[in-house]
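Beneath this line is the structure, given in structure tokens, with notes to follow.
The values are calculated or read from the model by the stated rules, or taken from the named source; none is laboratory data. Small disclaimer: the values here were computed from a predicted structure and weren't measured. Don't worry about glycine lacking a Cβ; one is built from the backbone with ideal geometry, like all the others, and counts go over all protein chains shown.
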Amino acid sequence: MAILRDLRDPRIEHVTVTSVTVSPDMRQAKVYVSVMGEESKQKLCLYGLQSSAGFLQSKISDRIDTRYTPKLIFELDQGVKKSIAIAKTLAEVLGDKPPADSAENTDDESFDEPQEVDQT
């Protein structure tokens, strides 16, 4: 929340923290972030976050009671970017066809209205 609420750096926009891993000795924390926009904008945002690391560490030290406050290391999370690329590739390969078992399939009479059967 401190990234969104307390930082006033214009380089830091459209940031989502996706995960954090802390070393066993609690001296370092890797903060994985996703940044919307072009690669140049992502790098600029990452530099802004790294320059704000000391301020964010002080916010963390106010909230946790440990011997050491972890040193924050920011890294771009490529997972979101990769998932979007995979979704685009799948859409190109599969096209925009509905699935074969979809209820929109009108070739199958089982989806039509029930019909009366003459029992004579």
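Some points to look at:
- A residue that is acidic (D, E), at pLDDT 55 or above and surrounded by 10 or more Cβ atoms within 10 Å (Cβ to Cβ) occurs nowhere in the range 83-102.
- Restricting attention to the range 58-89, the residues that are over 27 Å from K41 (Cα atoms) and either in contact with an Asp or Glu (Cβ under 9 Å, 6 or more places away or on another chain) or free of Cβ contacts under 8 Å to residues at least 24 places away in the same chain (or both) add up to 7.
- If you go through the range 33-68 and pick out every residue that is crowded, with 18+ Cβ neighbours inside 10 Å and of a type in the set (S, T, Y), you end up with 1.
- Residue within the range 3-15 that is surrounded by 14 or more Cβ atoms within 10 Å (Cβ to Cβ), part of a strand (DSSP E or B) and in contact (Cβ under 8 Å) with a residue 12 or more places away in the chain present: yes
- Selection from the range 15-49 of residues that are more than 20 Å from R63 (Cα to Cα), touching a strand residue (DSSP E or B) at 6+ places or on another chain (Cβ under 6 Å) and not hydroxyl-bearing (S, T, Y): V15, V33, V35, Q42, C45, L46
- Subset of the range 38-52 [more than 21 Å from the chain's Cα centre (by Cα) and in a helix (DSSP H, G or I)]: S51
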